[in-house]
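S.K.: Pasting in a structure now, in structure tokens, and then I'll have a few things to ask.
The values are calculated or read from the model by the stated rules, or taken from the named source; none is laboratory data. Values in this document were obtained by computation on a predicted structure and should not be read as measured data. Backbone-built Cβ (ideal geometry, glycine too); neighbour counts: all protein chains shown.
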Amino acid sequence: MSSELRANLVALNTIVYREVRRFTRIWPQTLLPPAITMVLYFVIFGNLIGRQIGDMGGFTYMEYIVPGLIMMSVITNSYGNVVSSFFGSKFQRSIEELMVSPVSPHTILIGYTLGGVLRGLAVGVIVTILSLFFTHLQVHHLGVTILVVLLTATIFSLLGFINAVFARNFDDISIIPTFVLTPLTYLGGVFYSINLLPPFWQTVSLANPVLHMVNSFRYGILGVSDIRIGVAITFMLVATAVLYFGCVRLLVSGRGMRT
Amino acid sequence: MSSALSIRQLTKTYGNGFQALKGIDLDVAEGDFFALLGPNGAGKSTTIGILSTLVNKTSGTVSIFGNDLDRQPAALKRSIGVVPQEFNFNQFEKTFDIVVTQAGYYGIPAKVAKERAEKYLTQLGLWDKRDVPSRSLSGGMKRRLMIARALIHEPRLLILDEPTAGVDIELRRSMWSFLTELNEQGITIILTTHYLEEAEQLCRHIGIIDHGTIVENTSMRALLSTLHVETFLLDLKRELAQAPTLLGYPCKLISPHTLEVQVDKEAGVTALFGQLALQNIEVQSLRNKSNRLEELFVSLVEKNLAKVAV
């Protein structure tokens, strides 16, 4: 192994360790709120309202929404971790510690992305465990489940990174989650099957990337989906590659970091 | 002696059109203690920003220990440590973690990083603050933390941008002796400062930058030798009603007990004391009116200002 590669692996380990230390140190802000929110969803939507709704896609309403709610917490936490951590580093100027060091842009990006993925997964696991108090979970296809959750967490970590690079103030890091991410997630088939929608809105819904992620994950857990899994996974792989190289270009140019 | 830093025709024009650097050339020899001085907005921090890769240059070349900024950026970065003007560490991290994390960015394994962190935090008087969040450190401690962080990968060139700004005199002097020790160990040091006394005490060579151009680049000794006249303040034992006549020494009475005298280097002070003794004027003590470098600095910058205005 070349000394350059070895140095970058140490640097990667350092960034990931620092990111995990950050979100575990402030766990009341990072790990606890999604747990409480999701318990409320389970109780109100799944239990109380869900009883009135009846079955959906051949499953109880609670069973139907659990995969979507797990995915929702993975999406918001992966995104939120990278956007707040990277923008926080820019705001405090501690990003300069990384910029003056010989760490490669790939290492920086992979480090932050892994931080986001790990937080997304940590929250996903917490929400999954909590869901077991409300319903019985089966896993229809473990490979698809793991692949989809990893790709989704990676995609939203990379999107969070882009948001943080362009953000100039704290408003800029809350605008996208509030006005883009939340509507896309709520309209992404977390709480309903698009088969309930009129044909026109079904077609419109297919343009929502979150719909493909949620349904792919639901397929992995329940074995039912509103979309074609192969297409969705291909889309996610392509999106990951495009976003990754776009982020590397941003880092190399020093946008938002160098003058 | 080989070159630590070589800058050729370096320019920087910011997005708003402001030309901060107008094609500067600068060389710093290995092992030197170099002062880069200049008024606010002269281009010092832009130059340091380019060296530390936080500012993109517009044109020109930069080489540090033979590593070109464009072609070997990683090797160049490994060879320098930067102490910026503003605090730029995570205010929520502990002192020890900040230094060890920085070592990790340079690929230094955790065990070695922890040993070095202990060494530098101890040397800089911060070891007992290792578990304290950095935000609770005093201003002087934060500056020392940035020095420890800059040294953790043991760079050959240390660049300090106003390291003693806002630091009390006692601490400033202890930082001077620490930097002198580092320089004696072979680390090349480039320092910007507004305290000209600091530059005069520490540095062997000096570059003065103003309006994006280098207006002077020479040894401290050579620069100071260009100063022909020094102004002394004499504290008198008995008060005087008016300034005495001292042949070859223009003087004026500042207060009944204080006489300001201009002394030409060629003339020296021996003849001055002879004349004072003849007039029965006893001197209790004498001191320089101002820092010698300060006088030169002001005159060079004023000269350049006149040139720029033309």
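S.K.: Give B:Tyr105, B:Tyr120 a once-over and let me know the one that is more than 15 Å from B:Glu198 (Cβ to Cβ), aromatic (Phe, Trp, Tyr) and within 12 Å of another protein chain (Cβ to nearest Cβ).
M.R.: B:Tyr105
S.K.: Out of segment B:1-49, which residues are in a loop (DSSP other than H, G, I, E, B) and over 26 Å from B:Glu181 (Cβ atoms)?
M.R.: Hits for segment B:1-49 are B:Tyr14, B:Gly15, B:Asn16, B:Gly17, B:Phe18, B:Gly38, B:Pro39, B:Asn40, B:Gly41, B:Ala42, B:Gly43.
S.K.: Now a separate question. For residues that are without any contact (Cβ under 8 Å) to a residue 12 or more places away in the chain and not in a strand (DSSP E or B), scanning just segment B:67-79, find the one that is nearest to the other protein chains (Cβ to nearest Cβ).
M.R.: Among those residues, the one meeting the criterion is B:Ala74.
S.K.: I'm told B:Gln201 meets every condition in (1) assigned to a strand (DSSP E or B); (2) touching a Phe, Trp or Tyr at 6+ places or on another chain (Cβ under 7 Å) except one. Can you identify the failing condition by its number?
M.R.: Of everything listed in (1) assigned to a strand (DSSP E or B); (2) touching a Phe, Trp or Tyr at 6+ places or on another chain (Cβ under 7 Å), B:Gln201 misses just condition (1).
Table: residues versus (1) in contact with a Lys or Arg (Cβ under 8 Å, 6 or more places away or on another chain); (2) under 11 Å from B:Lys289 (Cβ atoms).
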{"position": "B:Leu233", "(1), (2)": "yes, yes"}
{"position": "B:Ala241", "(1), (2)": "no, no"}
{"position": "B:Pro244", "(1), (2)": "no, no"}
{"position": "B:Ser255", "(1), (2)": "no, no"}
{"position": "B:Val263", "(1), (2)": "no, yes"}
{"position": "B:Ala271", "(1), (2)": "no, no"}
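S.K.: Now, a different point. From B:Ser134, B:Ser174, which residue is of a type in the set (S, T, N, Q) and farther than 23 Å from B:Gly49 by Cβ?
M.R.: B:Ser174
S.K.: Before we move on, is B:Phe92 over 30 Å from B:Thr218 (Cα atoms), in contact (Cβ under 8 Å) with a residue 24 or more places away in the chain and part of a loop (DSSP other than H, G, I, E, B)?
M.R.: Here the answer is yes, as B:Phe92 does meet what is asked.
S.K.: Return the residue satisfying two criteria in turn: it lies in segment A:17-45 and is more than 14 Å from chain B (Cβ to nearest Cβ) and buried (at least 19 other Cβ atoms within 10 Å of the Cβ), and of such residues it is nearest to B:Phe92 (Cα to Cα).
M.R.: So the residue we want is A:Pro34.
S.K.: On to the next question. In segment B:233-264, what count of residues is obtained for those that are acidic (Asp, Glu) and in contact with a Leu (Cβ under 9 Å, 6 or more places away or on another chain)?
M.R.: Counting residues in segment B:233-264 that are acidic (Asp, Glu) and in contact with a Leu (Cβ under 9 Å, 6 or more places away or on another chain) gives 2.
S.K.: In the set B:Val82, B:Val100, which member is within 13 Å of chain A (Cβ to nearest Cβ), over 20 Å from A:Glu19 (Cβ atoms) and buried (at least 22 other Cβ atoms within 10 Å of the Cβ)?
M.R.: One residue alone meets the criteria, B:Val82.
S.K.: Being touching a Lys or Arg at 6+ places or on another chain (Cβ under 6 Å) and farther than 19 Å from A:Glu97 by Cβ narrows it down to one of B:Thr101, B:Thr95, B:Thr58, so name that one.
M.R.: On inspection, the qualifying residue turns out to be B:Thr58.
S.K.: I'm told B:Lys57 meets every condition in (1) within 14 Å of chain A (Cβ to nearest Cβ); (2) basic (Lys, Arg); (3) in contact (Cβ under 8 Å) with a residue 60 or more places away in the chain except one. Can you identify the failing condition by its number?
M.R.: The number of the failed condition is (3).
S.K.: Continuing with this model, one more query. Considering only segment A:202-255, state which residues are assigned to a helix (DSSP H, G or I) and small (Gly, Ala, Ser).
M.R.: A:Ser205, A:Ser216, A:Gly220, A:Gly230, A:Ala232, A:Ala239, A:Ala241, A:Gly246, A:Ser253, listed by residue number.
S.K.: Assigned by the TED database to the domain that holds B:Val83, of a type in the set (Gly, Ala, Ser) and under 16 Å from the mean Cα position of the chain (by Cα): which single residue out of B:Gly207, B:Gly186, B:Gly212 fits that description?
M.R.: Selected residue: B:Gly207, the only one of B:Gly207, B:Gly186, B:Gly212 that is assigned by the TED database to the domain that holds B:Val83, of a type in the set (Gly, Ala, Ser) and under 16 Å from the mean Cα position of the chain (by Cα).
S.K.: Here's a check for you: in segment A:207-259, which residue that is surrounded by fewer than 19 Cβ atoms within 10 Å (Cβ to Cβ) and in contact with a His (Cβ under 8 Å, 6 or more places away or on another chain) is nearest to the other protein chains (Cβ to nearest Cβ)?
M.R.: Restricting to residues being surrounded by fewer than 19 Cβ atoms within 10 Å (Cβ to Cβ) and in contact with a His (Cβ under 8 Å, 6 or more places away or on another chain), the top hit is A:Val248.
S.K.: Please find, among A:Ile70, A:Ile53, the residue that is in contact with a helix residue (DSSP H, G or I) (Cβ under 9 Å, 6 or more places away or on another chain), surrounded by 17 or more Cβ atoms within 10 Å (Cβ to Cβ) and not acidic (Asp, Glu).
M.R.: Exactly one of A:Ile70, A:Ile53 is in contact with a helix residue (DSSP H, G or I) (Cβ under 9 Å, 6 or more places away or on another chain), surrounded by 17 or more Cβ atoms within 10 Å (Cβ to Cβ) and not acidic (Asp, Glu), namely A:Ile70.
S.K.: Working carefully through the options B:Glu266, B:Glu282, find the one that is among the acidic types (Asp, Glu), at pLDDT 90 or above and more than 29 Å from the chain's Cα centre (by Cα).
M.R.: Checking each option against the conditions leaves just B:Glu282.
S.K.: When you scan segment B:247-280, how many residues do you find that are among the aliphatic types (A, V, I, L, M), part of a loop (DSSP other than H, G, I, E, B) and under 14 Å from B:Val229 (Cβ atoms)?
M.R.: 2
S.K.: Which residue out of A:Ile176, A:Ile194 is under 18 Å from A:Ala239 (Cβ atoms) and modelled with pLDDT under 90?
M.R.: Unique residue meeting the criteria: A:Ile176.
S.K.: So, in segment B:17-45, how many residues would count as being closer than 22 Å to A:Glu96 by Cβ, free of Cβ contacts under 8 Å to residues at least 40 places away in the same chain and within 14 Å of another protein chain (Cβ to nearest Cβ)?
M.R.: Residues in segment B:17-45 being closer than 22 Å to A:Glu96 by Cβ, free of Cβ contacts under 8 Å to residues at least 40 places away in the same chain and within 14 Å of another protein chain (Cβ to nearest Cβ): 1 in total.
S.K.: Taking segment A:85-94 as the region of interest, how many residues are crowded, with 24+ Cβ neighbours inside 10 Å and either under 22 Å from A:Ile36 (Cα atoms) or within 8 Å of chain B (Cβ to nearest Cβ) (or both)?
M.R.: 0
S.K.: Which condition from (1) closer than 20 Å to B:Ser174 by Cα; (2) touching a helix residue (DSSP H, G or I) at 6+ places or on another chain (Cβ under 7 Å) is the one that B:Gly104 breaks?
M.R.: Evaluating B:Gly104 over (1) closer than 20 Å to B:Ser174 by Cα; (2) touching a helix residue (DSSP H, G or I) at 6+ places or on another chain (Cβ under 7 Å) leaves (1) as the failure.
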